[in-house]
Amino acid sequence: MTEARAPGKVILFGEHAVVYGHPAIAVPVTEVQARAWVEPGEAGLGVVIAAPDLGRRLLLRDAAENDPLAAIVRLTLEACKAERDQDLTITVTSTVPIARGMGSGAAVSTAIVRALAQHLDHWLSSRSISELAYQAEILYHGTPSGIDNTVVAFGKPVWFIKDEGWEIFWLGKPLLLAIADTGVESSTKEVVGDLRQRYQSEPVRYDPLFQQIGEIVVTARSAIEQGHGDLLGQLMDDNHALLQELGVSCSELDRLVGAAREAGALGAKMSGAGWGGNMIAVVTEETRGRVDLMLRLAGATRVILTEVR
Ligand code: PMV
């Protein structure tokens, strides 16, 4: 049996503005993971994909072309120059929450590519893995920016500019984050679409907000590289205020952001598309326990404490 894992992710800075050409920063979250493993399968069935968390079990030969699980397996077999019709069972499980902006689709795809390539004794670079996962992201999301598959496949902080490129960069100091879930599901497509409509009817109002977010992201990268936690916290607060002005936050997110700050976090903001999903806060060894508690008391349905390195 071969087995592989892939982490989740959060966007630290720059969501929404990234859609309009400004940079964004995302980091891996290893506390949540997808795990895939490959075993010899039942004779004659061909490739079987089992996703017990999703209540799914499918035969590759019968699966629709646009099924993301089947697609990532077909793409990987092709990339490894392997036969499509071998008897294999691929099982995938995941603790990355779905539809919370934590990259669950990219994590599942990446874990499958890694486990299958390993089983086939074929080495694939992180770049190739990311490119394959991107193809499946298109099936999950329609027009993915590519940030999820990059950060998940490389497992490193990523600086990302849509249609321009990305870079992995290094942290001056490990970064302690609290990630709290509002428990409210939100659709990235819906929030991005709504903002696009508002932007199109009033570009002079929204352009300067995107511009200001872009400037924050540039400063945030240096703050991360130099390990300036206080500055980073301030930048998160500023980025959150601009996201509120963009109309993508919501009362549940604002309540958690306020609770984290009151509990002593260096700064906090919503993360991802908004109107629900997760928020993040920069914490220290001293404040992490209190921030965790206060977030739960303020209604968080789940709090993850992670150290990004
Ligand atoms: O919630 P997530 O992690 O899917 O992030 C959405 C980020 C947006 O900037 C709002 C959209 C995008 O495609 O980058």
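The values are calculated or read from the model by the stated rules, or taken from the named source; none is laboratory data. The shown structure was predicted, so the numbers you read here are calculated from the model rather than taken from an experiment. Glycine also receives a Cβ, built like all others from the backbone with ideal geometry; neighbour counts cover every protein chain displayed. Remember, those area values only see protein heavy atoms, side chains included, never the ligands or the DNA or RNA. Shrake-Rupley method; radii C 1.70, N 1.55, O 1.52, S 1.80 Å.
Near Gly183, the amide H atoms lying under 5 Å from its own belong to Gly277, Thr301; only residues 5 or more places off or on other chains count, and H is placed 1.01 Å from N.
Counting every C-alpha pair in the chain, the share spaced more than 37 angstrom apart comes to 17%. Think of a 1.4 Å ball rolled over the protein heavy atoms: the chain then has 43 Å² of accessible area per residue.
Taking Cα atoms only, the orientation of helix 104-119 departs from the longest principal axis of the chain by about 40 degrees.
Taking 35 Å as R0, compute the FRET efficiency from the Cβ-Cβ separation of Leu297 and Asp194 and round it to 0.05. Don't jump to the answer; show the numbers that get you there.
Details: r = 31 Å, r/R0 = 0.88.
The formula returns an efficiency of 0.70 here.
Positive contributions from Lys and Arg (+1) and negative ones from Asp and Glu (-1), summed over other residues with Cβ under 12 Å from the Cβ of Leu59, come out at -1. Between Leu45 and Ile138, the FRET efficiency estimated from the beta carbon spacing at R0 = 30 angstrom works out to 0.60. Ordered by solvent-accessible area of protein heavy atoms (1.4 Å probe), largest first, the residues Val218, Val308 come out as Val218, Val308. Sorting the segments 57-70, 2-15, 126-139, 170-183 by their mean number of nearby beta carbons within 10 angstrom, highest to lowest, gives 2-15, 126-139, 170-183, 57-70. Residue-wise HN-Hα couplings along the stretch 55-70, as the Karplus relation 6.51 cos²θ - 1.76 cosθ + 1.60 with θ = phi - 60° gives them from phi, are x, 10, 8, 9, 8, 4, 5, 9, 6, 5, 4, 9, 7, x, 5, 5 Hz; Gly and Pro carry x.
Using only side-chain charges placed at the Cβ, +1 for Lys and Arg and -1 for Asp and Glu, the dipole size of the stretch 159-275 relative to its Cα centre rounds to 60 debye.
Helix 188-201 and the long axis of the chain differ in direction by around 50°, with both axes built from C-alpha atoms.
Between Arg127 and Asp62, what FRET efficiency follows from the Cβ-Cβ distance if R0 is 22 Å, with the result rounded to 0.05? Spell out each step's value before the answer.
Working: r = 32 Å, r/R0 = 1.44.
Efficiency at R0 = 22 Å is approximately 0.10.
For the chain, a crude dipole built from +1 on the beta carbon of Lys and Arg and -1 on the beta carbon of Asp and Glu, taken about the Cα centre, is about 260 debye to the nearest 20. The accessible surface of the chain, taken with every protein chain in place and a 1.4 Å probe, is 49 percent carbon and sulfur. Extent along the principal axes, Cα only, for the stretch 51-151: 35, 31, 23 Å, with the longest axis given first. Which whole-Hz ³J(HN,Hα) couplings does the stretch 21-33 yield from phi under the Karplus relation 6.51 cos²θ - 1.76 cosθ + 1.60, θ = phi - 60°, glycine and proline marked x? After applying 6.51 cos²θ - 1.76 cosθ + 1.60, I find x, 8, x, 9, 10, 10, 10, x, 10, 7, 5, 10, 8 Hz. Once the Cα-Cα distance is subtracted from the 0.36 nm per residue extended length, the Asp163 to Ser251 segment shows a gain of 28.4 nm.
Ranking Thr284, Leu266, Ala82 by Cα position along the charge dipole of the chain, where only Lys, Arg, Asp and Glu carry charges on their C-beta atoms, puts Thr284 farthest toward the positive end. Under a straight-distance cross-link criterion of Cα-Cα below 20 Å, which lysines are reachable from Lys156, leaving out those fewer than 8 residues away in the same chain? Result set, ordered by chain and number: Lys9, Lys173.
For the stretch 1-142, averaging the sequence separation of C-alpha pairs within contact (under 8 Å, six or more residues apart) and dividing by the residue count gives a relative contact order of 30 percent.
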